[in-house]
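Asks: Here's a structure for you.
The values are calculated or read from the model by the stated rules, or taken from the named source; none is laboratory data. What you see is a predicted model, and the numbers here were worked out from it, not measured in a lab. Note: ideal-geometry Cβ built from the backbone for every residue, glycine included; neighbour counts use all protein chains shown. The protein model used for the area step is the full one, side chains on, heavy atoms only, and it has no ligands, DNA or RNA in it. Shrake-Rupley method; radii C 1.70, N 1.55, O 1.52, S 1.80 Å.
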Amino acid sequence: MELTSKYLADSLGGTLEGDPDVSVNSVARIENGRAGAISFLANPKYEHFIYTCKSSVFLVNKTFVPKEPLKAKAVIRVDDSYKAIADVLGMIEAFRKRHKSANGWCRLHPFSSKIGKGTHVGRMTFIGKRVTIGANCDIYPQVYLGDGVTVGDGTIIYPGVRIYHDCKVGSNCILHSNAVLGADGFGFAPLSDGSYEKIPQTGNVVIEDNVEIGANTTIDRSTMGSTVIHGGVKIDNLCQIAHNVEVGKNTVMAAMTGIAGSTHIGEHCMFGGQSGIVGHISVASGTTLCAASAITGNVKKEGEILMGYPAIDHFTYLRAYARYKANGEKR
Amino acid sequence: MELTSKYLADSLGGTLEGDPDVSVNSVARIENGRAGAISFLANPKYEHFIYTCKSSVFLVNKTFVPKEPLKAKAVIRVDDSYKAIADVLGMIEAFRKRHKSANGWCRLHPFSSKIGKGTHVGRMTFIGKRVTIGANCDIYPQVYLGDGVTVGDGTIIYPGVRIYHDCKVGSNCILHSNAVLGADGFGFAPLSDGSYEKIPQTGNVVIEDNVEIGANTTIDRSTMGSTVIHGGVKIDNLCQIAHNVEVGKNTVMAAMTGIAGSTHIGEHCMFGGQSGIVGHISVASGTTLCAASAITGNVKKEGEILMGYPAIDHFTYLRAYARYKANGEKR
Amino acid sequence: MELTSKYLADSLGGTLEGDPDVSVNSVARIENGRAGAISFLANPKYEHFIYTCKSSVFLVNKTFVPKEPLKAKAVIRVDDSYKAIADVLGMIEAFRKRHKSANGWCRLHPFSSKIGKGTHVGRMTFIGKRVTIGANCDIYPQVYLGDGVTVGDGTIIYPGVRIYHDCKVGSNCILHSNAVLGADGFGFAPLSDGSYEKIPQTGNVVIEDNVEIGANTTIDRSTMGSTVIHGGVKIDNLCQIAHNVEVGKNTVMAAMTGIAGSTHIGEHCMFGGQSGIVGHISVASGTTLCAASAITGNVKKEGEILMGYPAIDHFTYLRAYARYKANGEKR
């Protein structure tokens, strides 16, 4: 899992002579070659070194005609070997950042993806095209980052997280294992024959800074525009945020909470476990929803504590439940 | 991650001379050899080419005695080199289909698994034995397809989907990330000491055509026979379909819906988010179940709209809830 | 994905001459060398063999001065080649156990992790440092076992299971696909500006023997100490066990059950699907909780059958519901 001569030649648009499988992990000056390295000859003044150079691969200009046999296992010919070696350095650097140990590997797009300083990417992680990851992130093994995904600085992404294409994750976020961001929103148009036609979900998911998302939680991409999780939101395990939802700053939701499509949640809300909120409504900031309860209409007043299904004032619910229970106790 | 001389020799039942690690990615005619290719000598009329052939690996008959040293890094000797090269072509073709880029790889069973034309299989995907995938599918990276799985044409399987052995997925389906098909149904027999003995779950899951399954949804394999999702069904994220369930055509269920074991669901039903249906019952076609509600007994009449727990006619539920709430408002 | 000369040299603290990329998969005696093997020279009496030995890599003492050119592609020089070859044998054995076929690989820590006899580890599985896996386990592909994880004998771990660092899984357990053990408990301290500060979750998860855990279920690590699932517990798909919870022996919970933080569940309980239990309470042994119901306070008496929200005696709930429904039927 190192850079092979064939891969380098293809990437540089050069022609390859010799073994396509020889791999290199570093660049060495031609006067100081070594096995496992690639060396380049640009300045004819250095030509005499090439005949004794021990590097595994040489990078030379197309016009170069050797006067003696070359010892390298492979020779790559390019238009401008000096310019090409800069690209090779970039590839090796990108490669190194993704490989803190010699044993592992992840999927690479050395040219189109950018990985910030201090960021570690684990093995068996897939990084698509045009992905940008900030500095000091910890991307664990077995993660999937689709094409065009961006991740800010200092974010931790645990094994098995899947982020579909073009979603954005902010800085200092924590995404726990097997969370899925950006799967298609659940949108279908009924057809006259009783079947359904899929409505394309062309938007994305935007996670702002300081958000934590629990294991196996799902946040769907919007139909158009973005499903947005604002800064400081904390979402527990196994929650569902449907397409086109917006969750306001510092809202907290316990495990198994579900929010249906196109609903707007205010800031500083608290939702108990297994609670739910229907689609296409607005919930005021500071709303508390008790566990196992469900809001079915707009909540306009801030700071209410709601319970039951449909959720009502929690004292009202509990007093009503006391009478309900008393009814049941009568025989 | 290319075919190595050792892998080829083992696969062909041949004997290997030379470097076991040299890898090839193509077949070249012996008069036209090149590094990275394998060439074969069957017809003695071509023997003179072998002494100048630049291919990395030669495939020759066991009886072949070279008159000069061979330049290949490895030589594989087989009973019939002409027949063997056909197998090599098959292996390379199977390999190529699974590898659209030189960087990646997935698990291979070139002989026992079949992948249709136009199907792409992503990196780090595991494909078991005797797997059949149709044409024009898009199998993303990091998917698991157990032994004997079949997938129809045009199906999309997103990263992290796990399909246990012998499950069947139809054509034009979409399976979102981290969905699990075919895990063991939840079946245990109580023992006299208070512990439980696992009941083997020997069936499978059958997903018919045009089905969409959401992220992190689970559909368990049946105890015997099949858990069946009929054509056109749409299942949102984080749903649970237990073992032996059958879901009728074009039924739609929102996120976090759960259906317990051995229940039969009719066609064209609609289930709201966080709804549930107990096991061992039958629900008529056209039933609507409101969100956060649960059906606890057979639904025989078609087209009802049900709400609450146990679910009853939704107007009845809401009128009752109005009185319930009024009770709570009295102090 | 075999042991390379560079990897071996680095692991043995030796110096490498020659090709860093040549790979070996076995040890051969120097009088019986072969391509793909490593041979060592310790006893000078055997020195003459080294000049004809066909092994790919030689392991020699630092003091060894060859009298003729060596044929190996790489030579590793160490202080004590006899001692070093024992380490190589250990590495190859560890490697072999993890690789039942020549095509696959998983992440390796040959020195710090232990894998018992008869255990199979699938491809693309990540095994961290200081991991201990017992005998006769079946660890499927694409699993993640973090640093310090221990697994007992005979346990089956299906594809996509993620076990965070330092969690412990007993013997004869079955963990279904995409289950997550040991993600951070959901603990935050509110700050004066309305945001939340994460409370470090420094404990772990302990799963005792004979436990089965369903697909996509999540069990969080404790804040301190352990989240404990005692022996014989069966947990279905998509369940959530929060941090610091303890679940007593042989308790069974159906799909989508959620247990909030720091709650103590007794033995032999049965929880229906989509049921829930709030945090910081204690539930007596033998409690039955009906589906879609939620316990909101301590349950002190053993053997009760509870229903509703808040859960009450199930006959009481159903009688009350009959009157509730009758209220709704009046117009």
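Asks: Starting from a label point 7 Å past Cα on the Cβ side, list the distances from A:Lys62 to the same position in the other copies, nm, shortest first.
Replies: The answer, with the shortest distance listed first, is 5.0, 5.0 nm.
Asks: Return the Rg/Rh value of chain C, two decimal places, where both radii are evaluated on C-alpha atoms and Rh is the Kirkwood radius. Intermediate results must be reported in sequence, preceding the final value.
Replies: Numbers: Rg = 28.3 Å, Rh = 23.2 Å.
Taking Rg over the Kirkwood Rh, I get 1.22.
Asks: Let me know the shape class of the protein assembly as shown, please: from the alpha-carbon gyration tensor, a ≥ b ≥ c as square roots of the eigenvalues, rounded when a/c is under 1.5, otherwise prolate if a/b is greater than b/c, or oblate.
Replies: Since a/c reaches 1.5 and a/b is larger than b/c, the shape of the protein assembly as shown is classed as prolate.
Asks: Counting only heavy atoms of the protein chains, get the accessible area per residue of the stretch A:105-263 (1.4 Å probe) and round it to a whole Å² value.
Replies: Numbers: 4300 Å² over 159 residues.
Solvent-accessible surface per residue comes out at 27 Å².
Asks: Let me ask something else about it. Skipping prolines and chain starts, which residues have an amide H placed within reach, meaning under 5 Å, of the one on B:Ile133, given they are 5 or more residues away or on another chain?
Replies: Distant-sequence amide H within range of B:Ile133: B:Lys114, B:Ile115, B:Gly116, B:Val151.
Asks: Pick from B:Lys114, B:Lys129, B:Lys62 the residue whose mean-square fluctuation is largest in a GNM of chain B, springs joining Cα atoms under 10 Å.
Replies: Looking only at B:Lys114, B:Lys129, B:Lys62, the largest GNM fluctuation is found for B:Lys62.
Asks: Can you check what the Kirkwood hydrodynamic radius comes to for the stretch B:3-96, Cα pairs only, in Å to one decimal?
Replies: Numbers: mean 1/r = 0.0791 Å⁻¹.
The Cα-based Kirkwood calculation yields 12.6 Å.
Asks: Can you compute the modelled spin-label distance between A:Leu89 and A:Leu318, with each label point 7 Å from Cα toward Cβ, in nm?
Replies: For the pair A:Leu89/A:Leu318, the computed spacing is 6.9 nm.
Asks: Output wanted: per-residue J couplings in Hz (rounded whole) for the stretch C:204-212, from phi through Karplus 6.51 cos²θ - 1.76 cosθ + 1.60, θ = phi - 60°, x for Gly and Pro.
Replies: Per-residue couplings from phi come out as 8, 10, 10, 10, 7, 6, 6, 9, 10 Hz.
Asks: I'd like the carbon and sulfur percentage of the solvent accessible area for the protein assembly as shown, probe radius 1.4 Å, heavy atoms only, ligands and nucleic acids excluded. Each step should come with its number before you reach the end.
Replies: Working: 20020 of 37440 Å².
Solvent-exposed carbon and sulfur of the protein assembly as shown make up 53 percent of the total.
Asks: Starting from the Cα of C:Thr63, step 7 Å toward the Cβ, then list every residue of the stretch C:31-46 with an amide N under 11 Å from that point.
Replies: Only C:44 pass the distance filter.
Asks: How large is the dipole of the stretch A:3-96 about the Cα centre if only Lys and Arg carry +1 and Asp and Glu carry -1, each at its Cβ, rounded to the nearest 20 debye? Write down the numbers at each step before the final one.
Replies: Working: 12 positive and 11 negative charges, 49 e Å.
Dipole magnitude for the stretch A:3-96 comes out near 240 debye.
Asks: List, shortest first and in nm to one decimal, how far the label point of C:Ala322 (7 Å from Cα along Cα→Cβ) is from its counterparts in the other copies.
Replies: Ordered by distance, the counterparts are at 2.6, 2.6 nm.
Asks: Turning to a different aspect of this structure: Buried accessible area between B and C (1.4 Å probe, both chains summed, ligands and nucleic acids excluded), in Å² to the nearest 100?
Replies: On the way: alone 16690 and 16700 Å², together 29130 Å².
For chain B against chain C, roughly 4300 Å² becomes buried.
Asks: Put simply, what bits of the stretch A:200-236 lose 40 Å² or more of accessible area when the other protein chains are there, versus the chain on its own (1.4 Å probe)?
Replies: So the qualifying set is A:Glu212, A:Asn216, A:Thr218, A:Lys234, A:Asp236.
Asks: When you look at the Cβ of every residue in A:273-284, what mean number of other chain Cβ atoms sits within 10 Å? Write out the running numbers ahead of the final one.
Replies: On the way: counts 12, 14, 3, 9, 2, 6, 4, 0, 0, 0, 0, 0.
So the per-residue partner count for this stretch is 4.
Asks: What FRET efficiency comes out for C:Lys198 versus B:Asp147 if R0 is 41 angstrom and r is the Cβ-Cβ distance? Round to the nearest 0.05. Numbers along the way, then the final one.
Replies: Values: r = 42 Å, r/R0 = 1.03.
Efficiency at R0 = 41 Å is approximately 0.45.
Asks: Between B:Ser282 and B:Asp138, what length in nm is gained on full extension when 0.36 nm per residue of separation is reduced by their alpha carbon distance?
Replies: This chain segment gains 48.3 nm when fully extended.
Asks: Rounded to the nearest 500 deg cm²/dmol, what is the calculated helix-only ellipticity per residue at 222 nm for chain B, with -39500 (n - 2.57) per DSSP H run of length n ≥ 4?
Replies: On the way: 4 runs with 45 residues, N = 331.
Counting only the DSSP helices, I get -4000 deg cm²/dmol.
Asks: Follow-up. For B:Met224, what accessible surface area do you get with a 1.4 Å probe? Give it in Å², rounded to 10.
Replies: 150
Asks: Sticking with this one: Taking one equal scatterer on every alpha-carbon of the stretch A:161-316, how large is log10 of I(q)/I(0) by Debye at q = 0.10, 0.13, 0.16, 0.17 1/Å?
Replies: Computed log10 I(q)/I(0) values: -0.33, -0.55, -0.81, -0.91.
Asks: Using Cα atoms only, what is the angle between the long axis of helix C:314-329 and the major principal axis of chain C, expressed in degrees (0 to 90) to the nearest 10?
Replies: 60
Asks: Does anyone have the angle between helix C:81-97 and the longest principal axis of chain C? Alpha-carbon axes, 0 to 90°, nearest 10?
Replies: Value to nearest ten degrees: 40.
Asks: Here is a follow-up. Please list C:Cys290, C:Cys137 in order of solvent-accessible area, largest first, computed with a 1.4 Å probe with all protein chains present.
Replies: Details: C:Cys290 30, C:Cys137 5 Å².
Largest accessible area first, the residues go C:Cys290, C:Cys137.
Asks: Give me, ordered by chain and number, the residues 5 or more places off A:Ser282 or on other chains with an amide H under 5 Å from its own placed amide H.
Replies: Answer set, sorted by chain and number: A:His264, A:Asn298, A:Val299.
Asks: Return the long-range amide H neighbours of C:Phe188 (sequence gap of 5 or more, or a different chain), with a cut-off of under 5 Å between placed amide H atoms.
Replies: Sorted by chain and number, the residues that satisfy this are C:Ile199.
Asks: Also: About the Cα centre of the protein assembly as shown, how large is the charge dipole given +1 on each Lys and Arg Cβ and -1 on each Asp and Glu Cβ? Please answer in debye to the nearest 20.
Replies: Details: 102 positive and 90 negative charges, 154 e Å.
For this selection, approximately 740 debye.
Asks: In nm, one decimal, shortest first: how far is the label point of C:Asp138 (7 Å from Cα along Cα to beta carbon) from the matching points in the other copies?
Replies: 3.3, 3.3
Asks: Another question about this same structure. Can you list the HN-Hα couplings for the stretch A:289-305, worked out from phi with the Karplus curve (6.51, -1.76, 1.60; θ = phi - 60°), rounded to whole Hz and with x for Gly and Pro?
Replies: In residue order, the calculated couplings are 10, 5, 4, 6, 10, 9, 8, 10, x, 3, 10, 9, 8, 6, x, 6, 10 Hz.
Asks: If you plug each phi of the stretch A:130-142 into the Karplus form 6.51 cos²θ - 1.76 cosθ + 1.60 with θ = phi - 60°, what whole-Hz ³J(HN,Hα) values come out, in order, with x for Gly and Pro?
Replies: Those phi angles translate into 6, 8, 10, 10, x, 7, 6, 8, 10, 9, 6, x, 6 Hz.
Asks: I've got another one for you. Evaluate the charge dipole of chain A about its Cα centre and quote only its size in Debye, nearest 20, assuming +1 on the Cβ of each Lys and Arg and -1 on the Cβ of each Asp and Glu. Spell out each step's value before the answer.
Replies: Working: 34 positive and 30 negative charges, 120 e Å.
It works out to roughly 580 debye.
Asks: Separate question: To the nearest 10 square angstrom, what accessible area does A:Asp80 show with a 1.4 Å probe?
Replies: Around 70 Å² of this residue is reachable by solvent.
Asks: Now, a different point. Using protein chains only and a probe of 1.4 angstrom, how many square angstrom of B:Glu208 are accessible, to the nearest 10?
Replies: The accessible area comes out at roughly 70 Å².
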